[in-house]
Amino acid sequence: MGDIKVGYHTITWGRDFDKALTEIAEVGYKAFETFGLTEHFDKVGEFKKYLKGKGVELASIYCGGSFIDLDKRDEEIENIVKTAEFIKELGSDRIILGGGRKKEVQRELVVRLQPSPTLDHAARGQPAVSPCPCSEWPGSRRSSPPRGSAAALASS
């Protein structure tokens, strides 16, 4: 089993990404989670040097889309694929995918990411992204969290 990267999310600092990484490293974290970073997609080398200088690694990245506006769906999915390719180049293999409740979109993401060497899962022939069983909860016909979920266990 590989080492577990324990990191801190940059959301605490709002839009001050540089300060976030500085303070995350100062308190001893070796990794961080964030969202966005699209402005760095075409500057992977520079961004790697920046992170090395800060003394932190990317543990994971959050991205997604609403998937409800069909006119924007392809663009949102393409952004997720680009994000996955970007984080792989940075040495991370974790993407936190949020948004949307449409199962057909979740299945489409699995199909589009699976054959890509972008994520470690894909390299092992496993789905790169799995539809979450809680994608129908809350706001669905389901009145309680899915059996076995953290929310269900907490309420038992």
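Checked across segment 126-141, the condition of being modelled with pLDDT of 55 or more and crowded, with 16+ Cβ neighbours inside 10 Å holds for no residue. Apart from one condition, residue 83 fits all of (1) among the hydroxyl-bearing types (Ser, Thr, Tyr); (2) assigned to a helix (DSSP H, G or I); (3) surrounded by 17 or more Cβ atoms within 10 Å (Cβ to Cβ); (4) more than 18 Å from the chain's Cα centre (by Cα); the exception is (4).
Residue selection: residue 32 fails the criterion of being in contact (Cβ under 8 Å) with a residue 12 or more places away in the chain, over 21 Å from residue 3 (Cβ atoms) and of a type in the set (Phe, Trp, Tyr). Would you point out the residue of segment 2-17, among those that are in contact (Cβ under 8 Å) with a residue 24 or more places away in the chain and in a helix (DSSP H, G or I), that is surrounded by the fewest Cβ atoms within 10 Å (Cβ to Cβ)? The qualifying residue surrounded by the fewest Cβ atoms within 10 Å (Cβ to Cβ) is 11.
On the given criteria, is residue 92 of a type in the set (S, T, N, Q) and surrounded by 18 or more Cβ atoms within 10 Å (Cβ to Cβ)? Outline the logic, then answer.
Details: of a type in the set (S, T, N, Q): yes; surrounded by 18 or more Cβ atoms within 10 Å (Cβ to Cβ): yes.
The answer is yes for residue 92.
Just to verify a result, which residue in segment 18-63, among those that are charged (D, E, K, R) and part of a strand (DSSP E or B), is surrounded by the fewest Cβ atoms within 10 Å (Cβ to Cβ)? Before the answer, list the steps.
The first filter runs over segment 18-63 and keeps only residues charged (D, E, K, R), leaving 18-19, 23, 26, 30, 33, 39, 42-43, 46, 48-49, 52, 54, 57.
After this cut, where a residue has to be part of a strand (DSSP E or B) as well, the list is 33, 57.
Numbers: 33: 19, 57: 17.
Filtering first and then ranking leaves 57.
The values are calculated or read from the model by the stated rules, or taken from the named source; none is laboratory data. Since the model is a prediction, treat every value here as computed from it, not as a measurement. Heads up, the Cβs are rebuilt from the backbone with ideal geometry, glycines too, and the neighbour counts pull from every protein chain shown.
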